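The values are calculated or read from the model by the stated rules, or taken from the named source; none is laboratory data. Please read these numbers as outputs of a predicted model, since none were measured by experiment. Note: ideal-geometry Cβ built from the backbone for every residue, glycine included; neighbour counts use all protein chains shown. The protein model used for the area step is the full one, side chains on, heavy atoms only, and it has no ligands, DNA or RNA in it. Shrake-Rupley method; radii C 1.70, N 1.55, O 1.52, S 1.80 Å.
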Amino acid sequence: MRKTKQMSTLSRRDFLKGAGLAGGLAAMGLAGCGQQGTQASATTAAATTAGAHTVTDMGGTQVEVPTDITAYADGWYAHNEVSIMFNKAQGMVATHCDPKSYAWMYKVAPNMNQAQTMFGKDFNYEDLVALGPQVVFDSTDSLREKLASANIPLVNCMFKTFDEMKKSVELTAEVFGGGAPDIAKKYNDELDKVLSDVKAQTENLSDDQRPSVLHGNSVYTLNLDGTGTIIDDWIDVAGGKNANTESTTGNAQATFSMEQVISWNPDVIITGKAGEAEKILADPAWADINAVKNQKVYVNPKGVFGWDRYGVEELLQVQWAAATLHPELFGDLDIKGKVSDFYATYLDYQLTDDDVERILSAQDPA
């Protein structure tokens, strides 16, 4: 018997139509600009000005945002996929994700091509303001004060755990309105079910039965993920334990020494870069590590966003990781079918068999 529930093949578009919400994703007409939410009072939270409403972002700041969002910017890499899930990036005027680094993102959501790539170290604040976003999504508050001076609200969507992730998804849906809250509920319900199903198989594993897992965006260059991250969360749910016991909260670029890796001696290595598994297996410097000795070095799947890193494909990551760490418990898992169903249901995109293989191998589209 299959140990994890097969995801519904109902498409995102059909789901919206069935709920009578198809028109809610493309709201027309401009709303007045919101004011910086830290100043919002309890009265404002209960009754906002016409054409606007107040949300509380992931940093706890009350932010007044327009009711009808037709132009917005995404300053956090991972959040772009959340926006795509809700509106196919319609109305996105600025993004942190360039088409070369995120080829699947632009293939699945061609509206991304209408957005200007900015943010980062060469970011020009005036260029962003000139695009006229009604709201900016980000993972920090660093731009809040500047944006407030231009009457542009900033919504901090940062999360580090699955519980926070669900709240962040709901928050974004609340900002977009229309049919977005229904999509958020469907996604969060599915995530809860997946987490519950996987935990049912892994939560009673003893410490000895849990392999130590070294994960990183680029393991070969020693860019590794530690505790205080959603990576640590999915490793635990999938029945492993993080080999890196140091906190990397808020530092996606944290690097470590080869001596530390050797001392951790992980049972499994998962890297976020295609081609690195082969490099690790062939490099004598890694030869004495258990994961290399036992040929348990893998590349993490990557589609619209890396499955492992804060995008909505975390729903797939948990299942893939569990089956990778414990094939004896998840032998019936049809990960290829789940990838196809996920893209059809939540990203409104039909993958080919070759597309699925490429995503599972962290390769760009053909």
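For the reader, a short list of remarks on this structure follows.
- Sequence of Met58, Met85 when ordered by accessible area, the most exposed leading, probe 1.4 angstrom: Met58, Met85
- Within the accessible area of the chain (1.4 Å probe), percent carbon and sulfur: 47
- Stokes-Einstein D for the stretch 130-229, Kirkwood Rh over Cα pairs, 37 °C, 0.692 mPa s (µm²/s): 194
- 3J(HN,Hα) couplings calculated from phi for the stretch 57-63 with the Karplus curve 6.51 cos²θ - 1.76 cosθ + 1.60 (θ = phi - 60°) are, in sequence order, 7, 6, x, x, 8, 7, 10 Hz; Gly and Pro show x.
- Mean-position separation - Cα centroids, the stretch 133-194 and the stretch 54-128, in angstrom: 11
- For the stretch 225-357: accessible area per residue (Å², 1.4 Å): 37
- Globularity index of the chain, i.e. its alpha-carbon radius of gyration over 2.2 N^0.38 Å: 1.01
- Candidates per chymotrypsin sites (Phe, Trp or Tyr not before Pro) in the stretch 105-164, loop by DSSP, up to 16 other Cβ within 10 Å: Phe123
- Applying a length cut-off of 15 Å (Cα extent along the axis) and a mean Kyte-Doolittle floor of -0.5 to the DSSP H helices of the chain leaves 162-176, 314-325, 335-346.
- Note on the stretch 197-266: the C-alpha convex hull projects to 4.7 nm² when averaged across all orientations.
- Percent RCO, i.e. relative contact order, over the chain, from Cα pairs under 8 Å lying at least 6 residues apart: 19
- 222 nm mean residue ellipticity, helices alone, for the chain (DSSP H n ≥ 4; -39,500 (n - 2.57); rounded to 500): -10500 deg cm²/dmol
- Built from the Cα atoms of the stretch 58-184, the convex hull projects on average onto 7.4 nm², one quarter of its surface area.
- Other residues with beta-carbon under 15 Å from the beta-carbon of Leu128 carry, at +1 per Lys or Arg and -1 per Asp or Glu, a net charge of -3.
- Compared with the direct C-alpha span, the chain from Asn265 to Gln209 gains 18.6 nm at full extension, assuming 0.36 nm per residue.
- Entry comment: accessible area of the stretch 140-179 is 40 Å² per residue, from protein heavy atoms only and a probe of 1.4 Å.
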